[in-house]
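Trainee: Pasting a structure here, questions to come.
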Amino acid sequence: MSEARGPVYVERMSVLFRVQHMLLMVSLLVLAVTGFALMFHDNWLAAAVIRLEGGMLYRGIIHRSAAVFLMAQLVYHAFYMLFSREGKRELREVWLTRRDFDDFLQAMRFNLGMDSEYPRFGRYGYKEKFQYWGATTGVFLISVTGIILWAETFSMKYLPKVVLDLTLIVHGYQGLLAFVILLFWHLYIVHLHPSVFPMNRAWLTGKVDAEWLREEHPAEYEKLKGEGVI
């Protein structure tokens, strides 16, 4: 009788990607808490949070420190994706193509019972790619608008009031949108989806079960199997 083969694990996130993911998560959470406390300052919960942060002065210091940290991460990530060997490979994989939009439409047809086959994803499907580029664009917009609001004296001197008003709106609601998407959509897809519930541990260990990869990313599974990785 042959011995039962145990689970086979495949690296999904490198150490550098896990570190970047962790730092991004922490900085966005700090920015969300300190930012929403100011945005909804007339709410009793926000007022309590501001008191816990040491008042408006310290809230501002914490928020701006986290903002500088976030912008440093954005710059580092851009250089990492554009110039490192691993980053270039990941950038090619996460780049949006026509097929991603076709896969999205095919998935919609499948869910509505209008198609018999679900899209066969490679390393990243349209869900991961939409999240990545949405988050990247959101962080960029938050950073730019945050700099404009931070340089208040300069901005009021050289920019029209309508620009400052729009900047304030974009900064606040882009942050709210990013938080909602990360809290609900990303959390569900990555951790609460039935295929990984209660948690996909790749963000901690960097590895996923090969069987999960075969079910969720069959094209990537077949590629790795052909290369002898699995």
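Trainee: State, to one decimal in nm², a quarter of the convex hull surface area for the C-alpha atoms of the chain, i.e. the direction-averaged projected area. Write out the running numbers ahead of the final one.
Mentor: Working: hull surface 71.7 nm².
For the Cα atoms of the chain, the hull's average projected area reads 17.9 nm².
Trainee: If you line up the Cα atoms of segment 90-207 on their principal axes, what length do they span on each, largest first, in Å?
Mentor: Extents along the principal axes: 59, 33, 27 Å.
Trainee: For the chain, find the longest principal axis of its Cα atoms and tell me its angle to the long axis of helix 56-83, 0 to 90°, nearest 10.
Mentor: Computed tilt is about 40 degrees.
Trainee: When Lys and Arg each count +1 and Asp and Glu each count -1, what net charge do the other residues less than 15 Å away from Val33, Cβ to Cβ, add up to?
Mentor: Net of charged neighbours comes to +2.
Trainee: Another question, if that's okay. Excluding same-chain residues fewer than 8 positions from Lys157, which aspartates and glutamates have a Cα within less than 20 Å of its Cα?
Mentor: Partners within reach: Asp165.
Trainee: Hey, another quick one. Excluding Val229 itself, calculate the net charge of residues whose Cβ lies under 13 Å from the Cβ of Val229, where each Lys or Arg counts +1 and each Asp or Glu counts -1. Intermediate values should be presented prior to the final figure.
Mentor: Details: positive: Arg12, Arg123, Lys207, Arg214, Lys223, Lys225; negative: Glu11, Glu220, Glu222, Glu227.
Result for the neighbourhood of Val229: +2.
Trainee: Summing Lys, Arg as +1 and Asp, Glu as -1, what charge do residues with Cβ under 13 Å from the Cβ of Phe104 carry, Phe104 excluded?
Mentor: On the way: positive: Arg98, Arg99, Arg109, Lys127, Lys129; negative: Asp100, Asp102, Asp103, Asp115, Glu128.
Charge balance near Phe104 sits at 0.
Trainee: Taking Cα centroids, how far is segment 1-66 from segment 85-113 in Å?
Mentor: What the calculation gives is 27 Å, centre to centre.
Trainee: For Lys129, list the lysines whose Cα falls under 27 Å from its own Cα; do not include residues on the same chain fewer than 8 positions away.
Mentor: Of all the lysines, those that pass the test against Lys129 - Cα under 27 Å, at least 8 places apart if same chain - are Lys88, Lys207, Lys223, Lys225.
Trainee: So, with +1 on the Cβ of K and R and -1 on the Cβ of D and E, and no other charges, what is the size of the charge dipole of the chain about its Cα centre, to the nearest 20 debye?
Mentor: Dipole magnitude for the chain comes out near 500 debye.
Trainee: Using alpha carbons only, how many degrees (0 to 90, rounded to 10) separate the axis of helix 85-94 from the longest principal axis of the chain?
Mentor: The answer is roughly 90 degrees.
Trainee: Say R0 is 41 Å: what FRET efficiency, to the nearest 0.05, do Glu216 and Val170 get from their beta-carbon distance? Intermediate results must be reported in sequence, preceding the final value.
Mentor: Working: r = 35 Å, r/R0 = 0.84.
So the FRET efficiency works out to roughly 0.75.
Trainee: What aspartates and glutamates sit close enough to Lys161 to cross-link, taking a C-alpha to C-alpha distance under 18 Å and skipping anything fewer than 8 places away on the same chain?
Mentor: Partners within reach: Glu152.
Trainee: DSSP loop (so not H, G, I, E, B), at most 16 other Cβ within 10 Å: list which chymotrypsin sites (Phe, Trp or Tyr not before Pro) in segment 18-102 pass both filters. Don't skip to the end; give the middle numbers.
Mentor: Numbers: sites: Phe36, Phe40, Trp44, Tyr58, Phe69, Tyr76, Phe79, Tyr80, Phe83, Trp95, Phe101; in loops: Phe40, Trp95.
The qualifying sites are Phe40, Trp95.
Trainee: Which parts of segment 95-112 would a label at Trp133 reach, counting a residue when its backbone N lies under 18 Å from a point 7 Å out along Cα-to-Cβ?
Mentor: Residues passing the 18 Å test: 95-108.
A short reminder: the numbers here are calculations on the coordinates, not readings from a lab. If you're wondering where the values come from, they're calculated on a predicted model, not measured in any experiment. We place every Cβ from the backbone using ideal geometry, glycine too, and count neighbours over all the protein chains shown.
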